[in-house]
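Novice: Here it is, the structure in full.
The values are calculated or read from the model by the stated rules, or taken from the named source; none is laboratory data. Predicted model, so just to flag it, every value in this text is computed and none were measured. Note that each Cβ is placed from the backbone with ideal geometry, even for glycine, and that neighbours are counted across all protein chains shown.
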Amino acid sequence: MKRLLRNAVKADIPTFFRFQSDPESNRLVGFVPRTRPDFESRWARILADGEIEKKAIVEGRSVVGFLVCFMRDGRREVGYWIDRAHWGKGLASRALAEFLIGYCRRPLYALVSKSNDRSLRVAEKSGFRRVGEQESTNNAGLTTRLFVLELGADRAAKERVAEPPRF
């Protein structure tokens, strides 16, 4: 199967900005889009931070989303965003699975809005399990209810056993 992930680069930022500006996507995750200057500044910091994994999700020659893995509140989290024009194609599931094969640090967490059934299915298909709930307040003061999901060390061990030997 063709790889979906590549390292994110500065030239991806305008495309990522367009993704995060979509009203339906934002409604699902309880997010308020940043202004272009705020978004570009944030992504410049992300790209410069060697501790953050940042990937562009690519289908053919087009960037269709992004995936990031970072530390927040003492936990390593993964998050992903797919352009709405590409929803329902399995791209998020394939991209997350591809990322997890090469990234073995566990435990790994994901926060998913309770209203985002598709994203919840993506995480659970990759082995994440619900371990709690929490609320998050966005930059407009609105509260979103989230599932906290964890991919534990036991899952990583099973993945390594299931991988075929490489010669």
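Novice: May I ask you to verify whether ALA95 is assigned to a helix (DSSP H, G or I), surrounded by 17 or more Cβ atoms within 10 Å (Cβ to Cβ), at pLDDT 95 or above and out of contact with any helix residue (DSSP H, G or I) (no Cβ under 7 Å at 6 or more places or on another chain)?
Specialist: yes
Novice: Which ones in region 98-117 are touching a strand residue (DSSP E or B) at 6+ places or on another chain (Cβ under 9 Å), within 22 Å of VAL64 (Cα to Cα) and not in a loop (DSSP other than H, G, I, E, B)?
Specialist: GLU98, PHE99, LEU100, GLY102, ALA110, LEU111, VAL112, SER113
Novice: With respect to the numbered conditions (1) at pLDDT below 90; (2) closer than 24 Å to ARG61 by Cα; (3) buried (at least 17 other Cβ atoms within 10 Å of the Cβ), which one is the sole condition not fulfilled by PHE39?
Specialist: Every listed condition holds for PHE39 apart from (1).
Novice: Next question. Could you grab the pairs with beta carbons closer than 6 Å, sequence gap of 6+ or different chains, first residue in region 31-49 and within 24 Å of GLU135 (Cβ to Cβ), second one of a type in the set (A, V, I, L, M) and exposed (fewer than 12 other Cβ atoms within 10 Å of the Cβ)?
Specialist: VAL32/ALA140
Novice: Would you mind finding the one in LYS55, LYS89 that is assigned to a loop (DSSP other than H, G, I, E, B), in contact (Cβ under 8 Å) with a residue 12 or more places away in the chain and at negative phi?
Specialist: Matching residue, one of LYS55, LYS89: LYS89.
Novice: Please go through region 128-154 and pick out each residue that is in a loop (DSSP other than H, G, I, E, B) and under 20 Å from LYS55 (Cα atoms).
Specialist: Across region 128-154, the qualifying residue is only PHE128.
For every residue, the table says whether it meets (1) modelled with pLDDT of 95 or more; (2) closer than 23 Å to ARG3 by Cα; (3) among the charged types (D, E, K, R).
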{"residue": "ARG84", "(1), (2), (3)": "no, yes, yes"}
{"residue": "TYR103", "(1), (2), (3)": "no, yes, no"}
{"residue": "PRO107", "(1), (2), (3)": "yes, no, no"}
{"residue": "ALA123", "(1), (2), (3)": "yes, yes, no"}
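Novice: Taking the conditions exactly as written (outside any strand (DSSP E or B), among the β-branched types (Val, Ile, Thr), within 14 Å of the chain's Cα centre (by Cα) and more than 18 Å from ASP22 (Cα to Cα)), does VAL78 satisfy them or not?
Specialist: No.
Novice: Looking for something farther than 23 Å from ALA123 by Cβ, surrounded by 12 or more Cβ atoms within 10 Å (Cβ to Cβ) and of a type in the set (A, V, I, L, M) - is there at least one such residue anywhere in region 49-69?
Specialist: no
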